[in-house]
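Undergrad: Before anything else, here's the structure in question.
Taken together, the values in this text are just the output of simple stated rules run on the coordinates, not laboratory data. Since we're looking at a predicted model, the values are computed, not measured. Every residue, glycine as well, gets a Cβ built from its backbone with ideal geometry; the counts of neighbours run over all protein chains shown.
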Amino acid sequence: MKQLSILGSTGSIGRQCLSVVEALPGRFTVAALAAGNNIEELASQIAHHHPELVSVADAHKASELADLLRTKNISPLPAIHHGAEGMLAVGTHPKADIVVSAAVGVVGLPATYEAVKLGKTVALSNKEVLVAAGELVMAAAQKSGKELLPVDSEHNAVHQCLRGGTHRVSGAALTNSQPNSEVKRIVLTASGGPFRKSPLAALARVTPEQALAHPNWKMGHRITIDSATMMNKGFEIIEARWLFNLRPDQIDVLIHPQSTIHSMVEFVDGSVLAQLGPTDMRMPIQYALTYPERAASKEIALDWTKLRRLDFQKVSTRRFPCLRLAREAMRKGGALPCALNAADEVAVAAFLERRLPFLGIAEVIEKVLARMPRIKFERMDEVLAADLEARRLAREEVNRLAPAVVAAS
Ligand SMILES: NC(=O)c1ccc[n+]([C@@H]2O[C@H](COP(=O)([O-])OP(=O)(O)OC[C@H]3O[C@@H](n4cnc5c(N)ncnc54)[C@H](OP(=O)(O)O)[C@@H]3O)[C@@H](O)[C@H]2O)c1
């Protein structure tokens, strides 16, 4: 019986993680859960899974949750923590064997980092952790000798394909410091999002509702907008660089509208391994939780009769400038990938609040990247300080562009 801590238990990945736990009775128990503001969902998770400790966004939500649990007569009551300390308490819970990192954005970074340092098995969905602080987090993983298990479907696919090489997976073998000499390149597939075919001129008028209508996946708001701009794929390139110790030029992206091939590895002998599956995040979540075993699943299956074709197409960086910005930030390194993520988070929130046009997201990020000081991170507090500074710059840039939106609307 493995014990889990979940950071972001009320989100799309967090809830699917708990449904995997429920589908595999007797394998997992839940030690601790961290959520943000959705205390109704958290209360029902507590009633089902009886964690010892939970955390919510702030003190106010913590007292609301305590009242709600008493009203619903839920017992035993878990210890209720909040804020950054609460996330840390969940990520470092002494009983947790596996920490599922599924919060969104940099809020999940310190707790994930501490879990890695403690040598816990970390199932990583929160890609912003590696975007903002890849070098520090991977150094900690190497030191602890524990491999990070990717939940993101593309990286999960690459992880599975890499098991077809001689770099057989045991302990920290995949994420070691030596480049994998068998791999020529990896190809991350991308659905292309809802605007893959839209006329370029129409992108200026895109609404949040249109951008949130992802053709293949049902996910949280931030990642759905990041998929529409393809910043999500930019983040994934950075994530892959750290997870698999690859050079930037070894990571390609191809549009594959069906999202059936989740990604591919091309080996030096010309052989290409691809991983296929339904668009169902429970599959990579379960893989990470049960790794290195595979557990039977009654619900997850690819319906081959509905699979008529597999299409591939190159990505246009004119249509998706965020992809170019992500590669630039990765190449320059230092604080720029961290700023890329922070600026994107601020710009996406402003777009969802209708304070910024869709095309303004890339514009804000580009301006922030140009204004960020060049520093190399040595410690986590430097990452968090750079994150705050990039957010401040991004808010300035959003405000600079905002009058234009008001005038246009
Ligand atoms: N969804 C997918 O299919 C998918 C696929 C691949 C990778 N990912 C990655 O997985 C991560 C999670 O994505 P998601 O789609 O599950 O996001 P989501 O649905 O928006 O959920 C985010 C989670 O983080 C919590 N959270 C947000 N702000 C918080 C704060 N200040 N303090 C504590 N908790 C906070 C939320 O709590 P409340 O809801 O309670 O406020 C929620 O539990 C992201 O990094 C995303 O890129 C997601």
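Undergrad: For a protection proxy built on the mean count of beta-carbon atoms within 10 angstrom, sort 20-31, 258-269, 195-206 highest first, please.
TA: 258-269, 20-31, 195-206
Undergrad: May I ask for the net charge around Ile39, where only other residues with Cβ less than 10 Å from the Cβ of Ile39 are counted and Lys, Arg are +1 while Asp, Glu are -1?
TA: Local charge sum for Ile39: -3.
Undergrad: Moving on to the next point. Please list the radius of gyration and Dmax for the range 294-409, considering alpha-carbon atoms only, with Å as the unit.
TA: Rg and Dmax of the range 294-409, Cα atoms, are 19.0, 56 Å.
Undergrad: Same structure again: Can you give the FRET efficiency to the nearest 0.05 for Ile74 and Asn37, using r as the Cβ-Cβ distance and R₀ = 30 Å?
TA: 0.95
Undergrad: Among Cys17, Cys322, which comes first, second and so on when ranked by fewest other beta-carbon atoms within 10 Å? Write out the running numbers ahead of the final one.
TA: On the way: Cys17 29, Cys322 24.
In order of increasing Cβ crowding within 10 Å: Cys322, Cys17.
Undergrad: Above 35 angstrom, tally the Cα pairs of the chain and express them as a % of all pairs, no decimals. Write out the running numbers ahead of the final one.
TA: Values: 20572 of 83436 pairs.
Pairs farther apart than 35 Å: 25 percent.
Undergrad: Using the Karplus curve 6.51 cos²θ - 1.76 cosθ + 1.60 with θ = phi - 60°, what ³J(HN,Hα) values do you get for each residue of the range 310-321, in whole Hz, with x for Gly and Pro?
TA: Computed from phi, the couplings for the range 310-321 are 10, 9, 9, 7, 6, 9, 8, 7, 6, 6, 10, x Hz.
Undergrad: log₁₀ I(q)/I(0) of the range 89-133 at q = 0.20, 0.21, 0.33 Å⁻¹, via Debye over equal Cα point scatterers, no solvent, to two decimals?
TA: -0.51, -0.56, -1.29
Undergrad: Quick one: if you take sqrt(5λ) for each eigenvalue of the C-alpha gyration tensor of the range 1-142, what semi-axes come out, biggest first, whole angstrom?
TA: 24, 17, 12
Undergrad: With label points built 7 Å along Cα→Cβ from the Cα atoms of Asp67 and Arg247, find their separation and express it in nm.
TA: 6.0
Undergrad: In nanometres, what is the gap between the two model label sites at Ala201 and Ala402, each 7 Å from Cα along Cα-to-Cβ?
TA: 3.1
Undergrad: Counting only Cα, what are the radius of gyration and maximum Cα-Cα distance Dmax of the range 44-106, in Å?
TA: 11.9, 34
Undergrad: Suppose only helical runs count, i.e. DSSP H with n ≥ 4. What mean residue ellipticity at 222 nm does that imply for the chain under -39500 (n - 2.57) per run, divided by all residues and rounded to the nearest 500 deg cm²/dmol? If you can, show how the numbers build up before the last one.
TA: Details: 15 runs with 186 residues, N = 409.
Value at 222 nm, helices only, nearest 500: -14000 deg cm²/dmol.
Undergrad: Cα-based Rg (one decimal) and Dmax (whole number) for the range 79-210, in Å?
TA: Cα-based Rg and Dmax for the range 79-210 come out at 18.0, 54 Å.
Undergrad: Which three extents, in angstrom, do the Cα atoms of the range 206-304 have along their principal axes, listed largest first?
TA: For the range 206-304, the Cα extents along the three principal axes come out at 44, 39, 26 Å.
Undergrad: Another question, if that's okay. Which semi-axis lengths, in whole Å and largest first, follow from the square roots of five times the eigenvalues of the Cα gyration tensor of the range 274-330?
TA: Equivalent ellipsoid of the range 274-330: 31, 19, 8 Å, largest first.
Undergrad: Could you tell me which of Gln250, Leu77, Met372 has its Cα farthest along the dipole of the chain towards the positive end, charges placed at Cβ (Lys, Arg +1; Asp, Glu -1), taken about the Cα centre?
TA: Gln250
Undergrad: If we count every other residue with Cβ under 10 angstrom of Lys367's Cβ, Lys/Arg +1 and Asp/Glu -1, where does the sum land?
TA: Charge balance near Lys367 sits at -2.
Undergrad: Given the peptides 143-155, 214-226, arrange them by the average over their residues of other C-beta atoms within 10 Å, most packed first. Before the final figure, lay out the partial values.
TA: On the way: 143-155: 22.9, 214-226: 18.5.
So the peptides 143-155, 214-226, ranked by packing, come out 143-155, 214-226.
Undergrad: Give me the net charge for the shell around Gln286: Cβ to Cβ below 15 angstrom, other residues only, Lys and Arg +1, Asp and Glu -1.
TA: Neighbourhood net charge equals +1.
Undergrad: So how many Å³ per residue does the convex hull of the Cα atoms of the range 226-381 work out to?
TA: Taking the convex hull of the Cα positions in the range 226-381, it is 183 Å³ per residue.
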